[in-house]
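J.: Take this structure, written in structure tokens, and hold onto it; I'll ask about it next.
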Amino acid sequence: MARGKTSGGAIGRNIGLLIIFVPLLFIFLPTVLFLAIAMLPTFVAVVIDKGPKRYGGMTVGGLNFAGAAPYLLDLWTIDHSVPHALTLLSDIFALILIFGSSAFGWMLFAGTPSVVAAVAAMTSSRRLATLKSRQKELLEEWGPEVRGEPDDGVEIGAATAKSK
């Protein structure tokens, strides 16, 4: 065989991962429970965002986690138990902060493209004004021939035809 591994190796690896992760799930059950509820807006953002790089999930997820982090640290440092996780999740102020920060992430994700477009439009209009003033300076310095139009209003092709 070229690779040396069969599909039996992949099955064995998956079983090994299950043997490791299932006990960890029960050890960290309060954290998993808290994050499963607190990070719901992030899961929704990941499912909804169909962009090529999925910036929506990253933006909402980062701010959602930032809102959940103080309560997660509280869970880890004070009492890492399921009742304490449920107490934190039933605190209305905690939920407002957690879900409010994810709402701010949604606003940031939705508003950034229009802000960038407005800045690009202002920059390009300023650049256009600069180029037009520079063109005017060049016309004053070099004359209208630079533009391709002679002073007397005769076209260039007609002027060369008359001179022959």
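J.: Criterion first (without any contact (Cβ under 8 Å) to a residue 60 or more places away in the chain, over 16 Å from Ile96 (Cβ atoms) and not β-branched (Val, Ile, Thr)) does Gly67 satisfy it?
T.: Numbers: without any contact (Cβ under 8 Å) to a residue 60 or more places away in the chain: yes; over 16 Å from Ile96 (Cβ atoms): no; not β-branched (Val, Ile, Thr): yes.
No, not satisfied.
J.: Let me ask another. Filter segment 92-111 for residues that are open to solvent by less than 70 Å² (accessible area, probe 1.4 Å) and without any contact (Cβ under 8 Å) to a residue 12 or more places away in the chain and give the result.
T.: Selection gives Leu95, Gly111.
J.: Based on this model, can you work out whether Ile48 counts as open to solvent by 80 Å² or more (accessible area, probe 1.4 Å) and out of contact with any Phe, Trp or Tyr (no Cβ under 6 Å at 6 or more places or on another chain)?
T.: Numbers: open to solvent by 80 Å² or more (accessible area, probe 1.4 Å): yes; out of contact with any Phe, Trp or Tyr (no Cβ under 6 Å at 6 or more places or on another chain): yes.
It is true that Ile48 is open to solvent by 80 Å² or more (accessible area, probe 1.4 Å) and out of contact with any Phe, Trp or Tyr (no Cβ under 6 Å at 6 or more places or on another chain).
The values are calculated or read from the model by the stated rules, or taken from the named source; none is laboratory data. Since the model is a prediction, treat every value here as computed from it, not as a measurement. Glycine gets a Cβ as well: all are built from the backbone with ideal geometry, and neighbour counts include every protein chain shown. Ligands, DNA and RNA are stripped out before the accessible areas are found, and what is left, the full protein with its side chains, is counted by its heavy atoms. Shrake-Rupley method; radii C 1.70, N 1.55, O 1.52, S 1.80 Å.
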